[in-house]
Amino acid sequence: MKKLMTMLAASTCIAGPALADDERIVVGFATAQTGFMQGYDKPAEDAAMIRIREINEAGGLLGKQIEVVTADTKTDMAEGAKAGLSVVDQGADLVVVSCDYDFGAPAALAAESLGVISFFICAESVKAGIQGVGPNSFSASVLAPVQGATMAEWSYKEKGARSYYRLLDTWTEYNKGICDGFDWMLPQLPEAKLVGEDTFVNEDASIAAQISRIKALPEEPDAIMLCSMMPGFVSAVKQIRAAGINSMLLNGSGADGSYWMSAVPDLSNFYVPAQGSVFGDDPSADVNAFVKKYAEATGAPPATQYTFPGYVMIDVWAKAVERAGTTETAAVVAELEKMNEEPTLFGPRTFTAELHHQNKAEYRIIGTENGKPAVVGTWTISEPVPLDALLK
């Protein structure tokens with residue numbers, strides 16, 4: 001990180017921010033147009049473009065059309081810093097950065113160094129904001145610990161689960177965050193008990209040892225909290241079911257979507273939280289309408305819920321700009337920090353001076369039975385996940 005900041009300081013000397021232009025409002029996407037991160041960034045970016053078009057067609061923002069500039073991070077952290085500086089130099093009032101904290105932080109730090117607002121397009125680490133970048137940085141998605149806490153409380157209250165086994169994939173901070181939220185919520189649920197816990201690594205070809213320990217329990221647990229993501233979680237789910245373990249399987253939003261389910265035919269009793277359903281069965285008609293609009297715009301429906309934060313990001317930022325009457329950073333940040341349960345297409349959003357992320361959110365619970373995912377309920381945790389648990 002020290003090396004990155006040194007590079008930013010040097011780059012700033014030759015590529016400072018463009019002078020403010022009162023005739024333009026510019027959103028700069030310093031995101032991955034190439035490399036593996038493109039698969040995460042582009043769907044949310046496409047959703048952001050839909051919201052930008054809606055705003056422009058309705059007369060613009062502060063009476064001006066929103067313009068878009070881009071720079072490719074190439075899924076490279078060093079290139080990310082350059083991309084962030086590039087879009088600011090092109091006049092960006094808002095810098096949009098990659099979905100992942102590690103890959104988005106260089107561009108966000110570049111924006112921060114020049115006093116420009118940044119939004120992580122769908123990152124779910126608490127560091128994607130004040131804690132890891134600075135006071136002008138936000139995230140458009142919901143923290144990973146909220147997902148773990150949601151699945152613990154929902155499964156306890158709605159499905160009657162009482163015994164839980166915790167299986168953590170230690171590969172990423174996102175995975176750890178899911179289990180952190182689960183660990184915070186479970187002790188608050190009377191009669192809920194953790195009957196065992198284990199770890200694995202995403203690339204492990206086999207989790208036979210972990211499965212043996214689950215099968216050695218006196219009784220099969222009511223639920224297994226699987227804190228993992230693609231591609232490793234698919235193998236883990238397949239092995240658990242092949243071993244004859246029928247416990248309810250819970251996971252975070254990283255397991256949303258049906259694109260992977262052919263690897264586990266006829267999967268049942270599997271549940272994840274999602275900010276909205278990509279299957280056309282969301283309780284909100286507006287969400288279903290958006291899914292259709294996205295398909296019309298891109299040629300295919302959203303693959304996962306990670307499309308939706310891009311739309312939310314532009315929506316809340318534009319509202320803050322309208323309320324501030326300017327794109328000036330301090331004024332817009334102040335308006336964002338006043339948002340408390342702000343309505344959006346994908347549920348209310350709250351930002352404070354301490355947290356530029358969501359530590360509580362309304363989730364759709366997507367349940368899969370016989371290989372078919374569908375909305376089975378909606379859940380909002382009873383209280384926000386506290387900052388000390390988020391920073392665990």
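The values are calculated or read from the model by the stated rules, or taken from the named source; none is laboratory data. Keep in mind that this is a model prediction, so the values were computed, not measured. When we count neighbours, we look across all protein chains shown, and the Cβ atoms used for this are built from the backbone with ideal geometry, even at glycine. These area figures cover heavy atoms from the full protein model, side chains too; ligands, DNA and RNA do not enter into them. Shrake-Rupley method; radii C 1.70, N 1.55, O 1.52, S 1.80 Å.
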Review point. So how far, in whole Å, is the C-alpha centre of region 290-345 from the one of region 366-392?
Key: 21 Å
Review point. Using the eigenvalues of the Cα gyration tensor, what equivalent ellipsoid semi-axes result for the chain when each is taken as the square root of five times the eigenvalue, whole Å, largest first?
Key: 37, 21, 19
Practice item. Give the angle, between 0 and 90 degrees and rounded to the nearest 10, that separates the Cα long axis of helix 232-242 from the longest principal axis of the Cα atoms of the chain. Key: 20 degrees
Practice item. For the chain, give the share of DSSP beta bridges that are antiparallel, in percent and rounded to the nearest 5; count only bridges with both residues there. Key: 30 percent
Revision key, fill the gap. Checked against the positive end of the charge dipole of the chain (+1 on Cβ of Lys and Arg, -1 on Cβ of Asp and Glu, about the Cα centre), the farthest of MET77, ALA318, VAL201 is VAL201
**Study point:** Rounded accessible area per residue of the chain, 1.4 Å, Å²
**Key:** 39 Å²
Study note, to complete from the structure: Whole-percent tail of the Cα-Cα distance distribution for region 52-133, cut at 20 Å, equals 33 percent
Review point. VAL26's amide H: which non-local residues (gap 5+, or another chain) put their own amide H closer than 5 Å, with H modeled 1.01 Å from N in plane and none for Pro or chain starts?
Key: GLU67, ASP93, LEU94
Revision key, fill the gap. Residue-ordered couplings for region 272-280, obtained by feeding phi - 60° into the Karplus form 6.51 cos²θ - 1.76 cosθ + 1.60 and rounding to whole Hz (Gly and Pro as x), are 9, x, 9, 5, x, 8, 8, 9, x
Study note, to complete from the structure: If each K or R counts +1 and each D or E counts -1, the residues other than LYS338 whose Cβ falls under 14 Å of its Cβ total -3
Practice item. Return the subset of LYS159/LYS360; LYS127/LYS238; LYS338/LYS392; LYS193/LYS360; LYS74/LYS238; LYS127/LYS215 for which the Cα-Cα distance in this structure is over 30 Å, preserving the input order. Key: LYS127/LYS238; LYS74/LYS238; LYS127/LYS215
Check your understanding: Among 315-322, 195-202, what's the highest-first ranking by average C-beta atoms within 10 angstrom per residue?
Key -> 315-322, 195-202
Review point. What angle, in degrees between 0 and 90 and rounded to the nearest 10, separates the Cα long axis of helix 38-57 from the longest principal axis of the Cα atoms of the chain?
Key: 50 degrees
Check your understanding: How big is the charge dipole of the chain about its Cα centre, in debye rounded to the nearest 20, if each Lys and Arg gets +1 on its Cβ and each Asp and Glu gets -1 on its Cβ?
Key -> 580 debye
Practice item. Starting from the residue with the highest accessible area, list TRP379, TRP171 in decreasing order, probe 1.4 Å. Key: TRP171, TRP379
Review point. If we sort 183-194, 142-153 on the protection proxy, mean other Cβ atoms within 10 Å, highest first, what's the order?
Key: 142-153, 183-194
Check your understanding: What is the packing order of peptides 117-126, 278-287, taking the mean over residues of other C-beta atoms within 10 Å and listing the highest first?
Key -> 117-126, 278-287
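At 1.4 Å probe size, with the rest of the protein present, what percent of the exposed accessible area of region 129-216 is carbon and sulfur atoms?
C and S atoms contribute 49 percent here.
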Revision key, fill the gap. Nearest 10, in degrees from 0 to 90: the angle of helix 77-89 to the longest Cα principal axis of the chain is 40 degrees
